[in-house]
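The values are calculated or read from the model by the stated rules, or taken from the named source; none is laboratory data. Just so you know, these numbers come straight off a predicted model, no measurement behind them. When we count neighbours, we look across all protein chains shown, and the Cβ atoms used for this are built from the backbone with ideal geometry, even at glycine. What goes into the accessible areas is simple: the full protein's heavy atoms, side chains included, and nothing from ligands, DNA or RNA. Shrake-Rupley method; radii C 1.70, N 1.55, O 1.52, S 1.80 Å.
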Amino acid sequence: MCIRDRTQSTWGNIQVLIKFLRFFMSQTKQIGTHSGTFHADEVLGCVMLTKYTQLFQNANIVRTRDQNILDKLDAVIDVGRIYDASIHRYDHHQGEFNDFFSQNHNIRLSSAGLVFKHFGREVVERIAKDFLVSEKLDIQLSPEDYDQLYLRIYNTFIMPLDATDNGIDAYPQDVEPRYRQTTALEHRVSRLNPTWFEQNIDQDERFREAMKIADDELQWQVRTTMSRVLAKPYVEKAVDQRFNVHESGAIIKLELVCPWKEHLYRIEEEKGIQGQIKYVLFQDQLAEWRIQCVSLSPQSYTCLLYTSPSPRDS
């Protein structure tokens, strides 16, 4: 074969490769978000769509503010000043935007909240099922369990991101917080933006690193919330059998260690026995017995009845 024939053959192969790449790109969906400084809401929104939805799984992320480019993409997050789920536009910066997760919520949505509102049920079910399979757990969640998981993840994880991105304080403005929290997801994502003294930083690469952090947090949020959802029957059984533990009915014994606090308060309210249970007995992972005092509320550090004098009294 002469050099000319080899050259023509190589060029022909290149043309075939170019056609294949063009075809591949035409089949792969494209999701747009803004370039420049990134935040937790669009980072998490991109994670949810590209990893856990059937419609956009493995889609490419295009970071730009060029509206001509954005108009050609399959979905756009946090840029473009359009919210229209029918064409997969999920921005919240337009002045007239005033959408909430439901009529029972009063925090305006960020782009993460918008994506979660429309795809969150699918996202949490996918993560939960993948986890159960990977851990070889023979547990089946009902549709109602997934509905509860969807709502809880929004309330405890997504809604705080919505509030932060929309500049809504967790406290009244006249109240000075006693300490500052700087390790939440939005802080960890923000730290990946280049500092003023860093040079030649690939922001797209940093964005991909931020997606990994957001994905890891999302998975753990679903796993831990799922563990709480599944714990209620065990706590309710312990409450029903409390008089078998002690005649006062003030002590419950769990069959296994599991998240009990939020369920206990709700079960007490449902049964009209608020404040009657003072202690919880359970065996830890080393099979050693532990006793824990019940606090005034799930958020309180003050116990209903201390096993010994309160450290605050000493």
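Which order do peptides 272-285, 71-84 fall in by mean Cβ count within 10 Å, highest first?
Answer by packing, highest mean first, reads 71-84, 272-285.
Expected output is a single nm value to one decimal: the length gained when fully extending between Arg208 and Ile168, i.e. 0.36 nm times separation in residues minus the C-alpha distance. What is it?
Length gained, Arg208 through Ile168: 11.7 nm.
Between Leu132 and Glu270, what is the spin-label point distance in nm, taking each point 7 Å from the Cα along the Cα→C-beta axis?
2.0
Only loop residues by DSSP count here, and only those with at most 11 other Cβ atoms within 10 Å; note down the GluC sites (Glu not before Pro) in segment 140-248 that meet that.
Glu198, Glu247
Tell me the mean residue ellipticity at 222 nm calculated for the chain from its helices only (DSSP H runs of n ≥ 4, each -39500 (n - 2.57), averaged over every residue, nearest 500).
Value at 222 nm, helices only, nearest 500: -14500 deg cm²/dmol.
Would you mind working out the magnitude of the charge dipole of segment 192-256 relative to its Cα centre, with +1 at each Lys and Arg C-beta and -1 at each Asp and Glu C-beta, to the nearest 20 Debye?
It comes to approximately 500 debye.
Residues in segment 223-266 near a label at Ser295, defined as backbone nitrogen under 18 Å from the 7 Å Cα→Cβ point?
The answer is 225, 228, 258-266.
Would segment 149-211 count as rounded, prolate or oblate if I go by the C-alpha gyration tensor, calling it rounded below 1.5 in a/c and otherwise prolate when a/b exceeds b/c, oblate otherwise?
Since a/c reaches 1.5 but b/c is at least a/b, the shape of segment 149-211 is classed as oblate.
Restricting to DSSP loop positions (anything but H, G, I, E, B) with no more than 15 other Cβ atoms inside 10 Å of their own Cβ, which trypsin sites (Lys or Arg not before Pro) remain in segment 184-247?
For trypsin sites (Lys or Arg not before Pro) across segment 184-247 that sit outside H, G, I, E and B with at most 15 neighbouring Cβ atoms in 10 Å, the list reads Arg191.
Projected onto the charge dipole of the chain (+1 at Lys/Arg Cβ, -1 at Asp/Glu Cβ, origin at the Cα centre), which of Val124, Pro298, Leu55 gives the Cα projection farthest towards the positive end?
Value: Leu55.
Can you work out the accessible area per residue across segment 94-183, with the rest of the protein chains kept in place, probe 1.4 Å, in square angstrom?
For segment 94-183, the per-residue accessible area is 62 Å².
Normalised by the number of residues in segment 53-210, what is the relative contact order in percent for Cα pairs under 8 Å and 6+ residues apart?
Once divided by the residue count of segment 53-210, the mean separation gives 15 percent.
Under 26 Å Cα-Cα from Lys212, which lysines qualify once same-chain neighbours fewer than 8 residues away are excluded?
Partners within reach: Lys29, Lys51, Lys117, Lys129, Lys136.
What fraction of the Cα pairs in segment 128-246, stated in percent, has a spacing above 19 angstrom?
65
Only four residue types carry charge here, +1 at the Cβ of Lys and Arg and -1 at the Cβ of Asp and Glu. Report the dipole size of the chain about the Cα centre in Debye, rounded to the nearest 20.
In total the dipole reaches around 720 debye.
Which one, Tyr146, His39, Leu192, projects farthest toward the positive side of the charge dipole computed for the chain from Cβ point charges (K/R +1, D/E -1)?
Towards the positive end, the residue furthest out is Leu192.
Modelling each spin label as a point 7 Å along the Cα-to-Cβ direction, I'd like the Glu255/Asp71 distance in nm, to one decimal.
6.2
Positive end of the dipole of the chain, charges at C-beta (+1 Lys, Arg; -1 Asp, Glu), about the Cα centre: which of Tyr234, Ser110, His88 has its Cα farthest in that direction?
Farthest towards the positive end: His88.
With +1 on each Lys and Arg Cβ and -1 on each Asp and Glu Cβ, and nothing else charged, work out how big the dipole of segment 163-314 is about its Cα centre, in Debye to the nearest 20.
580
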